[in-house]
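**Student:** Okay, here's the structure, questions in a sec.
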Amino acid sequence: MDDYHSPQTIIAANWKMYKTRKGAAEFFDNLLPLVKDQENLVVVCPPATLLMTIADKYADCGVLFGAQNIHWVAEGAYTGEISAEQAADAGAQFVICGHSERRHYFDESNEMVSHKVDAALNQNLRPILCIGETLEEREAGDTLEVLREDLFASLATVEPTTDIVIAYEPVWAIGTGKVASPADAEEAIGFIRAQLRELWGELACKVSMLYGGSVKPENIAELMACPNINGALVGGASLKAESFAAIINYKK
């Protein structure tokens, strides 16, 4: 069996369109005492309105920060968008690219996602590239075909690098309370790694692969026991300090 222990273990929070400055401060005041001995890389991706505030205030707390989205153009007349440079300037070190909600609610294509990944890397941001199938695609038996197409197209212009993080997030498990079984998650992420290996060679063994989709304290240990899963992209359970801490501290 190939050794997949070299990728970083990353537990990332996606706050989506939740929290204000007060809520963010309460969250960190409660979280930090609970995770002070953790060894995993922890990333919090707040709304853009909070990024600079919490990245400055909690710069030395051991948590890294990310943006939830960027535009791929460096600057221009794109009302409401932020560039990779602006995200980095606000304190981001990571950025989520191609989240299923961006793809399905805002019609982001693989081509757009590929440009965002490139833009992120050009500003020394680590992209968390999200790919995953809908319920209809899974029931039709098209999961692996969708994953391969999304992976290859989203990395079409990207040079091989271990700075990228890939998150498998089945669309049918986002915010539904449903979660892929560990066996299903491992099969999908193992397939993604094999396809990335076809594209990038042995470097693929060092790329961190996350699972996202209704991750909770109750299922994190079982998911993390899978050989190809190196972490989690956490949505709803990352909004409460206690549940997110339990996910971070899953080994304890």
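**Student:** With respect to residue 54, determine if the residue is free of Cβ contacts under 8 Å to residues at least 40 places away in the same chain, farther than 24 Å from residue 161 by Cβ, crowded, with 19+ Cβ neighbours inside 10 Å and not aromatic (Phe, Trp, Tyr).
**Tutor:** yes
**Student:** Residues 220, 229: which one is buried (at least 17 other Cβ atoms within 10 Å of the Cβ), modelled with pLDDT of 95 or more, closer than 18 Å to residue 131 by Cα and not aromatic (Phe, Trp, Tyr)?
**Tutor:** Criteria check complete, one pass: 229.
**Student:** Among the residues of region 103-158, write down those that are surrounded by 15 or more Cβ atoms within 10 Å (Cβ to Cβ), over 19 Å from the mean Cα position of the chain (by Cα) and without any contact (Cβ under 8 Å) to a residue 40 or more places away in the chain.
**Tutor:** 137, 138
**Student:** Given region 8-125, what strands (runs of 3 or more DSSP E) lie entirely inside it while holding 3 or more residues that are within 22 Å of residue 244 (Cβ to Cβ) and of a type in the set (A, V, I, L, M)?
**Tutor:** 10-14, 41-45
**Student:** Could you count how many residues in region 67-102 are surrounded by fewer than 23 Cβ atoms within 10 Å (Cβ to Cβ) and touching a residue at least 60 places away in the same chain (Cβ under 8 Å)?
**Tutor:** 1
**Student:** Looking at region 221-252, which of its residues are out of contact with any helix residue (DSSP H, G or I) (no Cβ under 6 Å at 6 or more places or on another chain) and acidic (Asp, Glu)?
**Tutor:** Answer for region 221-252, where residues must be out of contact with any helix residue (DSSP H, G or I) (no Cβ under 6 Å at 6 or more places or on another chain) and acidic (Asp, Glu): just 242.
**Student:** Among the residues of region 166-181, is any touching a residue at least 24 places away in the same chain (Cβ under 8 Å), among the small types (Gly, Ala, Ser), closer than 27 Å to residue 20 by Cα and in contact with a Leu (Cβ under 8 Å, 6 or more places away or on another chain)?
**Tutor:** Yes.
**Student:** Could you look through region 187-217, keep only residues that are in contact (Cβ under 8 Å) with a residue 24 or more places away in the chain and of a type in the set (D, E, K, R), and pick out the one that is surrounded by the most Cβ atoms within 10 Å (Cβ to Cβ)?
**Tutor:** The residue in question is 193.
The values are calculated or read from the model by the stated rules, or taken from the named source; none is laboratory data. Remember, it's a predicted structure, so these values are computed and weren't measured experimentally. Don't worry about glycine lacking a Cβ; one is built from the backbone with ideal geometry, like all the others, and counts go over all protein chains shown.
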